[in-house]
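The values are calculated or read from the model by the stated rules, or taken from the named source; none is laboratory data. These numbers were taken from a predicted model, which means no experiment stands behind them. Because the Cβ atoms are built from the backbone with ideal geometry, glycine has one as well, and the counts that use them run over all protein chains shown.
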Amino acid sequence: MSVRALLDVPAPAKLNLFLHVVGRRADGYHRLQSVFVLIDWADTLHFEVRADAQLVRHDLGPALPADDLCLRAARALQQASGTAQGADISIQKQVPWGAGMGGGSSDAATTLLALNRLWQLHWPRARLLELALTLGADVPFFVAGNNALVQGIGEELRPVQVTPAAYAVVKPQATLNTRDIFEHPALRRDTAELDEAAILMGSLDSVTVSNGGGTTDVLGTALAAVIEASTQSGGSADVALPVYAGGSFGRNDLQAAAEDRCAEVTQVATWLQSRFGNSRMTGSGSAVFARVGLMETGSEVVPMATFPVHDMAPGWVGRMSLGLPQHPLRDWAA
């Protein structure tokens, strides 16, 4: 029986735990090194088949641009596959835009994964990834479905295991233009490029989760498990590497340029630093996050601090988000 609708489909946001600009290609694109982590702050999309080949978007929250990345993704998949089917796509927008959290790219990736299933195309992930790269540098990350070490212009993805954590995330009222940040005259573009081993060795940390009567070495447990899996698989490149790349590792090379363009980024970073002891901008901004530890309460693992929502300045949007071990739609493509 064919599926006629897919409802309540998530499109999670991401954070850049660090972001280094390591060079610039001849075509003007910047070469990056970063670790992307998925979080549970997400948009929700609904998809219904249309028999007339039309692609129609319905905004259930704030109005989006007429031809957003979601519609472009649907059109690209429709044209590349040659299907005669269309779709009604409804979006409940929750992730703020202009934030560096990848909301539009995530919507596009969820659209590719959902329509591949709804239209019964059965494209493998590798084929979807090729199409994703034509839509934007961040879209392949969301299609791939793993927390990842991201290199190149976004097309080089290496799965990593990120230490479980919560993140206090705040988006100020101001938004930033990505092109403007990358063209800032003070932007550093020559951060030394590190190989994967250097990033991992430099970022591994003794991170624990409080369990009331003691602590659990989450990172040590994860590292042991991955080493064992890697040994059993003969060192397969598909085995995810363990990494903790929070406030103690690297930096966001775009943050100084963003703060020069937008005083609110500095204000949010200072606000989070004073409350959680760390802060860092994600992507090209303007959202800033602080890493928060976890603790066990009974059978639950919860953040060690609550989000100070009543202390936020007018116009700011924020929440406590949990890191995700993988994309909720990770198994929707082979």
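Go through the range 82-138 and count every residue that is part of a helix (DSSP H, G or I), charged (D, E, K, R) and either under 21 Å from HIS30 (Cα atoms) or in the same structural domain as ARG179 (by TED's automatic domain parsing) (or both).
Here the count works out to 1.
If the requirement is being more than 14 Å from the chain's Cα centre (by Cα), surrounded by 21 or more Cβ atoms within 10 Å (Cβ to Cβ) and at pLDDT 95 or above, which of these qualifies: LEU129, LEU121, LEU112?
Of LEU129, LEU121, LEU112, the one residue that is more than 14 Å from the chain's Cα centre (by Cα), surrounded by 21 or more Cβ atoms within 10 Å (Cβ to Cβ) and at pLDDT 95 or above is LEU112.
Report yes if some residue within the range 27-40 is in contact with a Ser or Thr (Cβ under 6 Å, 6 or more places away or on another chain), of a type in the set (A, V, I, L, M, F, W, C) and part of a strand (DSSP E or B); otherwise report no. Give the derivation first.
Going through the range 27-40, the residues in contact with a Ser or Thr (Cβ under 6 Å, 6 or more places away or on another chain) turn out to be 39-40.
Among the residues that remain, those that are also of a type in the set (A, V, I, L, M, F, W, C) are: 39.
With the extra rule that they be part of a strand (DSSP E or B), the set shrinks to 39.
Yes.
One residue is enough: does the range 52-60 have a residue meeting the conditions buried (at least 17 other Cβ atoms within 10 Å of the Cβ), of a type outside the set (Val, Ile, Thr) and either touching a residue at least 60 places away in the same chain (Cβ under 8 Å) or out of contact with any Ser or Thr (no Cβ under 7 Å at 6 or more places or on another chain) (or both)?
Yes, the range 52-60 has at least one match.
How do the pairs read when you match residues in the range 272-294 that are in the same structural domain as PRO96 (by TED's automatic domain parsing) and within 12 Å of ASN16 (Cα to Cα) with residues anywhere that are buried (at least 22 other Cβ atoms within 10 Å of the Cβ) and not small (Gly, Ala, Ser), using Cβ under 9 Å and keeping only pairs 6 or more apart or on different chains?
Filtered contacts from the range 272-294: no entries.
Give the range 267-304 a look and list any residue that's crowded, with 18+ Cβ neighbours inside 10 Å and part of a helix (DSSP H, G or I), or say none.
VAL268, ALA269, TRP271, LEU272, PHE276
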